[in-house]
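Since the structure comes first, as structure tokens, the remarks are kept for the end.
The values are calculated or read from the model by the stated rules, or taken from the named source; none is laboratory data. Quick caveat, the model's predicted, so the values are computed rather than measured. Here the Cβ positions follow ideal geometry from the backbone for every residue, glycine too, while neighbour counts run over all protein chains shown.
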């Protein structure tokens, strides 16, 4: 098995069995995201701590390519596992997502797919300030 086969397997596994997928009935925030260039769509559901500085729960749903759905799956898992602070979320980058998926680097045509969920969250918090 080559490295490319392994990366593809990770993406396909996350796509087939996404983590933290589904609506959250008692979410404090419901955030839509879309990649108009390819039609990928997400809705993110968040709960924050009392100070609004830490994400205590995130779920999501949506439709799109394997890259965008897999990236959101691993991002949601990381956020929930770490109870990630908003500050740490805002510091994440494309390179962090590539690392989470085990990708050496993604092609420029797929960057918007990879970063859809991350950019949706970062835009939400940047606009709350």
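Pairs are defined by a Cβ separation below 8 Å, a sequence spacing of at least 6 or placement on different chains, a first member in segment 4-22 that is at positive phi and buried (at least 16 other Cβ atoms within 10 Å of the Cβ), and a second member that is in a helix (DSSP H, G or I) and at pLDDT 80 or above; the pairs so defined are 20/73; 20/76; 20/77; 20/80.
Of all residues in segment 111-122, those that are under 9 Å from residue 94 (Cα atoms) have Cβ atoms under 7 Å from Cβ atoms of residues that are surrounded by fewer than 22 Cβ atoms within 10 Å (Cβ to Cβ), 6 or more apart or on another chain, in 111/94; 114/94; 114/106; 115/94; 118/92.
Taken together, the residues in segment 49-67 that are modelled with pLDDT of 95 or more, within 12 Å of the chain's Cα centre (by Cα) and surrounded by 18 or more Cβ atoms within 10 Å (Cβ to Cβ) amount to 4.
The set of residues in segment 78-111 being in a helix (DSSP H, G or I), farther than 22 Å from residue 13 by Cβ and touching a strand residue (DSSP E or B) at 6+ places or on another chain (Cβ under 8 Å) consists of 86, 89.
Exactly one residue out of 120, 115 is surrounded by 19 or more Cβ atoms within 10 Å (Cβ to Cβ), modelled with pLDDT of 95 or more and more than 16 Å from residue 11 (Cβ to Cβ), and it is 120.
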